[in-house]
Amino acid sequence: MTKYYGSSSRGLFSRRSAGAAALKGVSLAVGAGETLAVIGESGSGKSTLGRILLRLTPCTAGKVFFDGQDVLALSETDLRALRRRMNYIFQNPFGAVNRRHTIERVLASPLKAYGLYPDGARRERCEELLEMVHLSPALLDRFPHELSGGQLQRVVIARALATGPDFVVADEPTTGLDVITSAKLVELLKSLKAKLGLSLMFISHDLRTVAQIADRIVVMRKGEIVETGTCSDILANPQHPYTQKLIDSVPRLPESTRAVGSPAQVFATEERREEAGAAIDVAMSARGERTGEPTW
């Protein structure tokens, strides 16, 4: 795939400007049931790639195949039918929903669009979706501004899963979340992927998060793929200098603390995550604050 922004021509005999290249001949594949992480610094083309795969952004040149069909060549009618099977989790949950709609209406919108459930059964399905992402069904009557960022991101995840997709692009879903909430959200995505048999493209610049969830990693720089491999191979033995630079840039705790080591080791074990969560619960309980999964 190739994508240029801002291409233009000044006249019949003038030189045509190709514009800025967001993607330069990118080629990759996501296997059934696989989590492919796409990493790179801001402006590397990660989000553009994810949006092109679902035809949310036009592609300058190239093809995208999903289950044998070229997504970029489909008619609007055929594309609409196919979009039930692929969805997108946006980076900013507050920008991904209509703030005037209740959470029930947010979740019911794709169900209504595809006529998947009769009117009387949609609320029950919305309750199931909230429970799937570990939120209370009591939130259905609330509005987006009444939820925390972590809660609303879970709502966005639930909406992405409402139509039963086979493939989901998660575009930096942990951006703006604290480290504990982020780790729990990634664990949720992992469990949902395993339970539902999803193929997942996880876009991120945070190698610690990627180490939790990825089967394979694609490293992008300036619109090109510079390295690809299994998660363990990329993190333990990077071959490209840019990949090494990304790994070296990951903040590390002082050696006097317990959680030290490579990015793959930070928050990599359930024991460490449970200890971190327990420590926070104890601190909140001491202040008389509410704790537990439904709070976020």
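Data table
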{"quantity": "Nearest-0.05 FRET efficiency for Leu28 and Ser249, computed from C-beta distance (R0 22 Å)", "calculated": "0.40"}
{"quantity": "Restraint check, Lys184/Lys222; Lys24/Lys184; Lys63/Lys193; Lys63/Lys222, Cα-Cα greater than 29 Å", "calculated": "Lys184/Lys222; Lys24/Lys184"}
{"quantity": "Pairwise label distance in nanometres, Asp178 with Ala81, each label 7 Å out on the Cα-Cβ vector", "calculated": "4.9"}
{"quantity": "Residues whose placed amide H lies under 5 Å from that of Ala22, excluding near-sequence neighbours", "calculated": "Lys3, Tyr4, Tyr5"}
{"quantity": "Extension gain, Arg125 back to Phe143 (0.36 nm per residue minus Cα-Cα distance, nm)", "calculated": "4.7 nm"}
{"quantity": "Residue list for region 42-70, given a label point 7 angstrom along the Cα-to-Cβ vector of Thr2 and an amide N cut-off under 12 Å", "calculated": "60-63"}
{"quantity": "Under 5 Å, built H, 5+ apart or other chain: amide partners of Val38", "calculated": "Phe202, Ile203, Ser204, Val218"}
{"quantity": "Selected from Thr209, Ser191, Leu152, residue furthest toward positive end of dipole (region 140-211; charges at beta carbon)", "calculated": "Ser191"}
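Since every read-out is calculated from the coordinates, none of them should be taken as a lab result. All values derive from a computational prediction rather than experimental measurement. Cβ coordinates were reconstructed from backbone atoms using ideal geometry, including for glycine residues, and neighbour counts include every protein chain displayed.
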